[in-house]
Amino acid sequence: MSDLRTSSQKCVRSATKRFATVPGTTIRLLTKTSKMPGPSWSLPAHKACPRSNETICVACYASKGCYRYSTTRNAQQARFRWTVESMRTPAGRSDWVECMVGAITKTGCEYFRVHDSGDMFNVAYAQTWLEVCQALPAVKFWFPTRAWQQPTGALPVFDPLLSTLHKLAQLPNVTVRPSALNFGDYAPVVAGLHAGSTAALADISSARQCPAYAQGGQCGDCRACWDEKDTPISYCKH
């Protein structure tokens, strides 16, 4: 993308319409999944998950169902291309933040999920989300992530990406949940982050069981993923 600032201006202008679009395209910038109480942000599974690992990622829900539609995949790829290009320069990152803040503000949402598909793919990208969350203190953000670990083993003594996740977790309007690697694992406990999440955990007393699967696949009035920062969450395998 040769002119990121022009593209960002297009994005901001599109926020005056019914919904914001990825700069230079007609693709919606934000997504609305059937389960969530508000909008979310979606990138390609696996491709935007450099620290994916083990059985949950192999059987990722974001590789199934509606995520397999060509329209969904094309939209995720467009968001990812624009985001990766934006991360290359300070001006591009600034424009990305401005665009995202404008789009989320336009929705009027109180709750926002970052990554119904995808993850924190580098430090610059995590930093831009830090700036977005700081700019929107009235919006509650939930980040599920596997960026707390490396696919090849333990993290180094200092990991810049994890350090940025720590900064995000310190914001009062943000919940950063480290995600388990395998079905049936206990929710991870990672210093500096909030209570983790897992899937298909047999020990139901050790984590709050997501009620969505008994509610027609809807969150309903539950906001535990955002509000209950100290409570581990377990989801059904899907």
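Multiplying the sequence separation of Lys47 and Ala135 by 0.36 nm and subtracting their Cα-Cα distance, what value in nm do you get?
Details: separation 88, 0.36 × 88 = 31.68 nm, distance 2.79 nm.
Result: 28.9 nm gained on full extension.
For Ala91 and Lys32, a Förster radius of 41 Å and the Cβ-Cβ distance give a FRET efficiency of 0.85, rounded to the nearest 0.05. Karplus-based coupling profile of segment 22-33, in residue order and whole Hz: 4, x, x, 9, 9, 7, 4, 6, 9, 10, 9, 7, with θ = phi - 60° in 6.51 cos²θ - 1.76 cosθ + 1.60 and x standing for Gly or Pro. For Lys140, the amide hydrogen comes within under 5 Å of the amide hydrogens of Tyr111, Phe112, counting only partners 5 or more places away or on other chains and with H modelled in the peptide plane. Extending 7 Å from the Cα toward the beta-carbon at both Lys237 and Tyr213 defines two label points whose distance is 0.9 nm. The fraction of accessible area contributed by carbon and sulfur in segment 94-238 is 56 percent, rounded to a whole number (1.4 Å probe; ligands and nucleic acids excluded). Between Thr107 and Leu171, what is the label-point separation in nm under the 7 Å Cα-to-beta-carbon projection? For the pair Leu171/Thr107, the computed spacing is 1.4 nm. Pull up the cross-link candidates among the aspartates and glutamates for Lys140, meaning alpha carbon to alpha carbon under 13 Å and not fewer than 8 places away within one chain. Candidates past the 8-residue exclusion: Glu110, Asp227, Glu228.
The values are calculated or read from the model by the stated rules, or taken from the named source; none is laboratory data. Quick caveat, the model's predicted, so the values are computed rather than measured. Every residue, glycine as well, gets a Cβ built from its backbone with ideal geometry; the counts of neighbours run over all protein chains shown. Keep in mind that these areas ignore ligands, DNA and RNA; they rest on the heavy atoms of the full protein, side chains included. Shrake-Rupley method; radii C 1.70, N 1.55, O 1.52, S 1.80 Å.
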